[in-house]
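Single-structure report; data block below.
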Amino acid sequence: MNEKVYHIELDDCATPAFVTFGKDYYGTMADVEEFISKFDGDERQDLVKAFEEYKQGNTDVEITVGFWKHKMLEEVKVYGCKEITSGEYKWEHTNIWGFPYNIKCDALNSKHYWIKNGKQLCRVIKAKFTNLQLENVVGEYSEITMIWGFPHIIEFNMYNTLMVVEKRFETVKELREDMKTFSSISDMDFTSFCNDIFADG
């Protein structure tokens, strides 16, 4: 696997307002470039400046997440990658408070990497939905018009600029078995993706 993938930790918006946690995100260098390019003006210039430093050779440059400092980017080990294209799909997302959202899409293109970050073994997902819609209280579906998660992780044409953790594994053997059998949208988990839409709402 020649494509390099990097880890970046950012504030987790899908937590109660009175606590602070970080959330793991992943991306190729092109993904990170795209994410950082979304910020303009004074918006999160700490991230923009740190990334510029990283590109200039300071691979130890740090960013602040909550009350802690973390390296801007760290390369992770990649075991494999698969791309999936799927048609219409419906599912129920449960937010951090236990409340359900009924969601549907007309189509999905997704890319999945099996990675190791330190001791963590994960499957991560980058997804682009066509016509992602949310059911309202009277049972009608409409486009999602608000995004409450970390800025520019989810864009309004409903794709994530950086990948999120979809599944975790205890052993490399489990990871490799999942990579072997993974084949369709029914094997996917969109919880972390949706948490970046609805955050703590």
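To the nearest 10 square angstrom, how much accessible area does Trp91 have with a 1.4 angstrom probe?
Its heavy atoms expose roughly 40 Å² to the probe.
Where in the range 135-201 are there GluC sites (Glu not before Pro) that are in a DSSP coil and have at most 15 other Cβ atoms within 10 angstrom of their Cβ?
Details: sites: Glu135, Glu140, Glu143, Glu155, Glu166, Glu170, Glu174, Glu177; in loops: Glu140, Glu170.
Passing both the DSSP loop test and the Cβ count: Glu140, Glu170.
Using the Cα atoms of the range 88-140, I'd like the radius of gyration and the largest Cα-Cα distance, Dmax, both in angstrom.
Expressed in Å, the Cα Rg and Dmax of the range 88-140 come to 14.7, 46.
Positive end of the dipole of the chain, charges at C-beta (+1 Lys, Arg; -1 Asp, Glu), about the Cα centre: which of Met29, Gln133, Phe198 has its Cα farthest in that direction?
Checking the options against the dipole of the chain, the answer is Met29.
When the dipole is taken about the Cα centre of the range 47-175, and only Lys, Arg (+1) and Asp, Glu (-1) are charged at their Cβ, what size is it in debye, to the nearest 20? List each step's numbers first, then the result.
Working: 17 positive and 17 negative charges, 113 e Å.
So the dipole magnitude of the range 47-175 works out to roughly 540 debye.
How large a share of the accessible area of the chain, in percent, is made up of carbon and sulfur atoms when the probe is 1.4 Å and the other protein chains stay in place?
On the chain, the fraction of accessible area on carbon and sulfur atoms equals 48 percent.
What spacing in nm lies between the two simple spin-label points modelled at Glu33 and Val137, each 7 Å away from Cα in the Cβ direction?
4.7
If the viscosity is 1.567 mPa s and the temperature 4 °C, what Stokes-Einstein diffusion coefficient in µm²/s follows for the range 5-92 when Rh is the Kirkwood radius over Cα pairs? Write down the numbers at each step before the final one.
Details: Rh = 15.0 Å.
Result for D is 86 µm²/s.
Between Glu3 and Asp187, what is 0.36 nm times their sequence separation minus the Cα-Cα distance? Round to one decimal in nm.
63.9 nm
Kindly provide the GluC sites (Glu not before Pro) of the range 40-127 that DSSP labels as loop, not H, G, I, E or B, and whose Cβ sees at most 16 other Cβ atoms within 10 Å.
Details: sites: Glu43, Glu52, Glu53, Glu62, Glu74, Glu75, Glu83, Glu88, Glu92; in loops: Glu43, Glu88.
Taking the range 40-127 and a limit of 16 other Cβ atoms within 10 Å, the loop GluC sites (Glu not before Pro) found are Glu43, Glu88.
For Glu92 and Gln120, what is the calculated FRET efficiency with R₀ set at 30 Å and r taken between the beta-carbons, to the nearest 0.05?
Details: r = 27 Å, r/R0 = 0.89.
After rounding to 0.05, the efficiency reads 0.65.
At 10 °C and 1.306 mPa s, what whole-number value in µm²/s does Stokes-Einstein give for the translational diffusion of the range 117-172, with Rh from the Kirkwood sum over Cα pairs?
On the way: Rh = 13.5 Å.
In µm²/s, the coefficient rounds to 117.
Percent relative contact order of the range 31-127, based on C-alpha pairs within less than 8 angstrom and at least six residues apart?
Reported relative contact order: 19 percent.
Which trypsin sites (Lys or Arg not before Pro) does the range 109-187 hold that lie in a coil by DSSP with at most 15 other beta carbons within 10 Å?
Working: sites: Lys111, Lys116, Lys119, Arg123, Lys126, Lys128, Lys167, Arg168, Lys173, Arg176, Lys180; in loops: Lys119.
Answer by residue number: Lys119.
With the crude spin-label approximation of a point 7 Å out along Cα→Cβ, what separation in nm comes out for Asp46 versus Lys111?
Going from the Asp46 label point to the Lys111 one covers 2.9 nm.
Please build a GNM for the chain, connecting alpha carbons under 10 Å apart, and tell me which residue among Val138, Val124, Val76 fluctuates the most.
Sorting by GNM fluctuation, first place goes to Val138.
Please give the per residue accessible area of the chain, computed with a probe of 1.4 Å over protein heavy atoms only, in Å². Show your work: numbers first, answer last.
Working: 10520 Å² over 201 residues.
Normalised by residue count, the accessible surface of the chain is 52 Å².
Please report the Cα spread of the chain along all three principal axes, rounded to whole Å, starting with the longest.
Each principal axis gives a Cα extent; for the chain these are 52, 42, 28 Å.
The values are calculated or read from the model by the stated rules, or taken from the named source; none is laboratory data. No experiment lies behind these values; they were computed from the predicted model shown. Backbone-built Cβ (ideal geometry, glycine too); neighbour counts: all protein chains shown. Keep in mind that these areas ignore ligands, DNA and RNA; they rest on the heavy atoms of the full protein, side chains included. Shrake-Rupley method; radii C 1.70, N 1.55, O 1.52, S 1.80 Å.
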